[in-house]
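S.K.: My questions all concern the structure below.
The values are calculated or read from the model by the stated rules, or taken from the named source; none is laboratory data. These numbers come from a predicted model, not from an experiment. Backbone-built Cβ (ideal geometry, glycine too); neighbour counts: all protein chains shown. For the accessible areas, the whole protein counts, side chains as well, though only heavy atoms, and no ligand, DNA or RNA atoms are used. Shrake-Rupley method; radii C 1.70, N 1.55, O 1.52, S 1.80 Å.
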Amino acid sequence: MARPSSSREIQVQKPAQSLAHFQSKVAQGQEEDGGLLKPILIGVVSLVALGVIYGAWNAWRSSVTEKHEAALSALQMEVEGDGMVPLPAAEVEKRMRERLGRLEALVNAAPSSRKAATAGLLDTWRLTLDGKGQASAKPSDAWGQLRLAQRAIALGRIQDARAQLDPLRAQATPGEAWAEAFWTSQLDADRLAGDRAQALKDLAEYKARFKGRGDASAMENLVQSI
């Protein structure tokens, strides 16, 4: 009779030990899963936060660029008029002189992508006001040609502007530092000529060349103003 009793005790103890071992394993597994889940959740939250910050930064940058382009376009229209009736050169120069301080302020506040083009326009105004036509007829580089084109646009001389811009078109690609300034000047020339059809073609060519590498919103606004 003793043997069956001893056998029963052993049989009862073994499942109890197995149950305790199983519960220990389950608890250990939960701890391991929790330890793995926490860094995953932290990583997901971090990625979402970075995406929100990046989106907000892009929106802010686009807003700053659009405001700058709107202010610059408004200033140029004040000086050059609506392009429908050419203004006398003396009147254009008078308006430039009165608004030179505003253009200098725009250069100082310009976003990096528009700094060079805005500074080039300021150089053009200063040349027009103080240079007495001393600019070289054959500039040595693309920036010089763009300044002459911008000066011609400011004075309402569309043919002179296109004579400077046309030779640069083929080279105005993303690899050139002056390319953005070229396309802005080209659209300015189209606006001065009142040629919306050509402006749309130039905008399409810019987008094709700078696909994913440039902000066309300001140029689209410029075309809409024609």
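S.K.: Sorting VAL45, VAL107 by accessible area (1.4 Å probe), largest first, what list results?
M.R.: VAL45, VAL107
S.K.: Give the accessible area for ILE42 in Å² (nearest 10); use a 1.4 Å probe, count only protein heavy atoms, and leave out ligands, DNA and RNA.
M.R.: Accessible area of ILE42: about 100 Å².
S.K.: Pulled fully out, how much extra length does the chain show between GLN198 and SER46, if you take 0.36 nm times their separation in residues and subtract their Cα-Cα distance?
M.R.: In short, 50.1 nm is gained.
S.K.: Would you mind getting me the FRET efficiency between ALA90 and SER63? Use the beta-carbon distance for r and R0 = 35 Å, nearest 0.05.
M.R.: About 0.40, to the nearest 0.05.
S.K.: What distance in nm lies between label points placed 7 Å from Cα along the C-beta direction at ARG102 and GLN171?
M.R.: 3.4
S.K.: Ignoring ligands, DNA and RNA, how do SER73, SER113, SER185 rank by accessible area with a 1.4 Å probe, largest first?
M.R.: These residues rank, largest area first, as SER113, SER73, SER185.
S.K.: If you place +1 on the Cβ of every Lys and Arg, -1 on the Cβ of every Asp and Glu, and leave all else neutral, what size is the dipole of the stretch 135-198 about its Cα centre, to the nearest 20 Debye?
M.R.: 200
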